[in-house]
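Accompanying notes for the structure given below.
Read-outs: derived from the displayed coordinates by stated rules, not from any lab. Predicted, not measured: the structure shown is a model, and the values here were computed from it. Every residue, glycine among them, receives a Cβ derived from its backbone with ideal geometry; neighbour counts consider all protein chains shown.
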Amino acid sequence: MRLVHGVGQLRQVLAGEGHVALVPTMGNLHAGHIALVERARTAGQPVVASIFVNPLQFGPGEDFQRYPRTLAEDCAQLEAAGCDLVFAPDATEVYPEAQTFQVQPPLAGELCGAYRPGHFAGVCTVVLKLFEMVRPRYAVFGKKDYQQLFLLKAMARQFNIDIELLECETRRAEDGLALSSRNGYLSCADRAEAPRLYAELNRIATALRSGASNFSEIEAASTDRLTRHGWQVDYLSVRDRHTLLPPVSAETTLVVLAAARLGATRLIDNIEI
Ligand code: PAF
């Protein structure tokens with residue numbers, strides 16, 4: 001497995017390759033990321049993983065500075081997973097000058113967008129750049145970041161990007177907690193509490209699958225239970241899977257999405273109905 005830091009070197013290495021599959025990451029890899037690499041390998045092409053903590057997608061007061069940077073450990077995991085090339089650019093390679101053009105995705109005021117202004121513009125902009133740098137045939141994203149995946153698919157369609165986006169199911173700990181680099185921020189007590197978020201999503205899923213359609217009551221009851229256990233809920237919302245907007249009828253294909261904080265740690269999760 002090769003490790004390159006510069007875009008020039010990346011292009012040289014990729015010039016000899018045919019199609020490749022890209023796994024964009026911010027590093028600090030866990031089994032969820034390795035599942036993305038495994039998904040990428042099923043495309044039958046060489047796999048390129050990018051590792052870049054993208055400053056553009058962090059807001060003021062968010063965890064950009066303390067986001068764990070663990071390149072050596074990440075490379076060891078990627079090599080063991082069968083990754084062929086790691087692209088870990090410096091910020092000056094990705095942002096050679098102040099980024100005055102940015103992709104402005106829709107749903108900016110919805111769900112995570114309402115609590116992290118500018119976040120999805122930062123995500124879409126860096127992913128578009130990575131697509132241009134790597135020029136993959138496939139790119140793999142996890143369903144834990146459901147709104148991110150939704151917006152990236154819309155970006156690919158609307159900008160006629162000729163890359164197939166492959167999606168990967170969320171990997172969970174045995175107690176149900178979705179794997180995330182940010183789980184490492186949890187105190188012992190908060191880690192023990194954290195699975196409650198997915199348990200609430202499952203409780204809602206059971207109600208919806210049995211025909212409940214009183215969405216706002218269901219959302220309020222779950223929010224209340226989480227709050228009583230010390231969570232600060234940003235949102236917990238039943239949405240239409242095809243639009244990510246509130247469902248107009250109970251017949252719609254649904255997804256339930258949530259973001260909530262335990263102490264200083266913000267967790268997100270979702271469940272498809
Ligand atoms: O999901 C992530 O890790 C990041 O948002 C991504 C897609 C690598 C862009 O920085």
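Could you pull out every residue, at least 5 positions away or on a different chain, whose amide H is within less than 5 Å of the one on Tyr235? Hs are placed 1.01 Å off N in the peptide plane, and Pro or chain starts have none.
The answer is Ala259.
With the contact rule set at Cα under 8 Å and sequence spacing of 6 or more, what percent relative contact order holds for the chain?
It comes to 18 percent, rounded to a whole number.
Ordered by residue, what ³J(HN,Hα) values in Hz, to whole numbers, does segment 213-228 give under the Karplus form 6.51 cos²θ - 1.76 cosθ + 1.60, where θ = phi - 60° and Gly and Pro are x?
3J(HN,Hα) across segment 213-228, in whole Hz: 9, 7, 4, 5, 5, 4, 4, 5, 5, 5, 4, 5, 4, 5, 4, 5.
Between Lys153 and Ser187, what is the FRET efficiency for a Förster distance of 30 Å, r being their Cβ-Cβ separation, to the nearest 0.05?
0.25
Equivalent-ellipsoid semi-axes (√(5λ), Cα gyration tensor) for the chain, whole Å, largest first?
The three semi-axes for the chain are 32, 20, 18 Å.
Would you please give the FRET efficiency between Met1 and Asp90, computed as 1/(1 + (r/R0)^6) with r the Cβ-Cβ distance and R0 = 30 Å, to the nearest 0.05?
0.95
Taking θ as phi - 60°, what are the ³J(HN,Hα) couplings along segment 266-272 by the Karplus curve (6.51, -1.76, 1.60), each to the nearest whole Hz, with x for Gly and Pro?
9, 10, 10, 6, 7, 9, 8
Using +1 on the beta carbon of Lys and Arg, -1 on that of Asp and Glu, and nothing else charged, what's the dipole of segment 163-212 about the Cα centre, debye to 20?
Dipole magnitude for segment 163-212 comes out near 160 debye.
For segment 180-268, compute the orientation-averaged projected area of the C-alpha convex hull (one quarter of its surface), in nm².
5.8 nm²
What's the local net charge at Gly142, with K and R +1, D and E -1, over the other residues with C-beta under 14 Å away?
Net charge around Gly142: +1.
To test your reading of the geometry: what angle, between 0 and 90 degrees and rounded to tens, separates the Cα axis of helix 31-41 from the longest principal axis of the chain?
The two axes meet at around 50 degrees.
What GluC sites (Glu not before Pro) does segment 75-167 have in DSSP loop regions with at most 15 other beta carbons within 10 Å?
Sites meeting the loop and neighbour criteria: Glu97.
Determine the relative contact order of segment 35-194: mean sequence separation of Cα pairs under 8 Å and six or more apart, normalised by residue count, in whole percent.
Over segment 35-194, the number comes to 24 percent.
Using modelled backbone amide H atoms (1.01 Å from N, in-plane), which distant-in-sequence or interchain residues come within less than 5 Å of Leu3's amide H?
It is Val86, by chain and number.
Roughly how many debye, to the nearest 20, is the charge dipole of segment 113-249 about its Cα centre, given +1 on each Lys and Arg Cβ, -1 on each Asp and Glu Cβ, and no other charges?
Dipole size: approximately 220 debye.
Can you give the Kirkwood hydrodynamic radius for segment 1-128, in Å, rounded to one decimal and based on Cα pairs?
15.8 Å
Loop only per DSSP, at most 16 neighbouring Cβ atoms within 10 Å: give me the GluC sites (Glu not before Pro) in segment 203-264, ordered by residue number.
Glu251
Label Ala108 and Leu71 with points 7 Å out from Cα along Cα→Cβ: what is the distance between them in nm?
Label-label distance for Ala108 and Leu71, simple model: 3.3 nm.
Please work out how much length the chain gains when fully extended from Phe64 to Glu272, using 0.36 nm per residue of separation minus the C-alpha to C-alpha distance, in nm with one decimal.
Difference between extended and current length: 71.9 nm.
Calculate for the chain the 222 nm mean residue ellipticity that helices alone would give, adding -39,500 (n - 2.57) per DSSP H run of length 4 or more and normalising by residue count, nearest 500 deg cm²/dmol.
That calculation yields -11000 deg cm²/dmol at 222 nm.
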